[in-house]
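Peer 1: Below is a structure I'd like to ask you about.
The values are calculated or read from the model by the stated rules, or taken from the named source; none is laboratory data. Given the structure is predicted, the values throughout are model-derived calculations rather than measurements. With ideal geometry, Cβ positions are generated from the backbone for all residues, glycine too; neighbour counts draw on all protein chains shown. Areas reflect the complete protein model, heavy atoms only, side chains present, ligands, DNA and RNA absent. Shrake-Rupley method; radii C 1.70, N 1.55, O 1.52, S 1.80 Å.
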Amino acid sequence: MEGENLQELVKKQAKIICEQEALIEQQTETIKKLEARIVELEALVRKQQETVARLQKDSRNSSKPPSSDIVKPKPAEEQKKDGKKRKTGGQKGHKKHERTPFPPEQVDRFIDATLEACPECGGSLNECEEVVRKQQIDIVEK
């Protein structure tokens, strides 16, 4: 009885060994394919690096003549001169939008700012025709 169990155990282990050998063979084939693919991709990367290096050369960083340079687009400053882009901010003729001032009962404090002279023209304040009122809002948690 002991001899039969031993033979059965040997057969099971022989079967496991055969399965493992088949698996190792499959893995070896996969490794060979992947190594070949790595060599292929490394060659492709080298070729692309050479192409990029060649394309980055121009008359400023190599001995190539200026006539061989690729024509570059106009700088942003020149495009603005053509009138294609608008300036930032409100455009001429647009309707002015202003916030309506808060009523005095909603204002916590008032600060009077007085000047000795007009900050724009330097003249006396009696000569200025317009009085400017501004509201500054500080948002605080209460």
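Peer 1: Could you give the nm distance between label points at Q56 and N126, where each point is 7 Å from its Cα heading toward the beta carbon?
Peer 2: Those two pseudo-labels are separated by 7.2 nm.
Peer 1: Next up: Please report, in whole Å, how far the alpha carbons of the stretch 1-67 spread along each principal axis, starting with the longest.
Peer 2: 95, 12, 9
Peer 1: For every other residue with a beta carbon closer than 14 angstrom to the beta carbon of K32, add +1 if it is Lys or Arg and -1 if Asp or Glu, then tell me the sum.
Peer 2: Working: positive: K33, R37; negative: E25, E29, E35, E40.
Surrounding charge for K32 is -2.
Peer 1: Relative contact order of the chain: what whole-number percent is it, with Cα pairs under 8 angstrom and at least 6 residues apart? If you can, show how the numbers build up before the last one.
Peer 2: Details: 22 pairs, mean separation 9.0, N = 142.
RCO, the chain: 6 percent.
Peer 1: Less than 12 Å Cβ to Cβ from L44, Lys/Arg counted +1 and Asp/Glu -1: what total charge do the surrounding residues give?
Peer 2: Values: positive: R37, R46, K47; negative: E40, E42, E50.
Charge balance near L44 sits at 0.
Peer 1: Further question: Give, rounded to the nearest 20 debye, the magnitude of the charge dipole that the chain has about its Cα centre when Lys and Arg contribute +1 at Cβ and Asp and Glu contribute -1 at Cβ.
Peer 2: With only Lys, Arg, Asp and Glu charged at Cβ, the dipole is about 1160 debye.
Peer 1: Right, another one. Express the carbon and sulfur contribution to the solvent-accessible surface of the chain as a percent, rounded to the nearest whole number, probe 1.4 angstrom.
Peer 2: On the way: 8100 of 15260 Å².
For the chain, the apolar C and S fraction of the accessible surface comes to 53 percent.
Peer 1: Just to confirm, what accessible area per residue do you get for the chain at 1.4 Å probe, in whole Å²? Spell out each step's value before the answer.
Peer 2: On the way: 15260 Å² over 142 residues.
Result: 107 Å² per residue.
Peer 1: Then there's this: Read phi for every residue in the stretch 111-122 and hand back ³J(HN,Hα) as whole Hz from Karplus 6.51 cos²θ - 1.76 cosθ + 1.60, θ = phi - 60°, with x for Gly and Pro.
Peer 2: Those phi angles translate into 10, 8, 10, 10, 10, 7, 9, 5, x, 8, 9, x Hz.
Peer 1: Kindly write out, for the stretch 4-14 in residue order, the coupling ³J(HN,Hα) from the Karplus curve 6.51 cos²θ - 1.76 cosθ + 1.60 (θ = phi - 60°), rounded to whole Hz, with x marking Gly and Pro.
Peer 2: 5, 4, 5, 5, 4, 5, 5, 5, 4, 5, 5
Peer 1: Report, in deg cm²/dmol and to the nearest 500, the calculated mean residue ellipticity at 222 nm for the chain, where each DSSP H run with n ≥ 4 adds -39500 (n - 2.57) and the sum is divided by the residue count.
Peer 2: Numbers: 2 runs with 60 residues, N = 142.
Calculated mean residue ellipticity at 222 nm is -15500 deg cm²/dmol.
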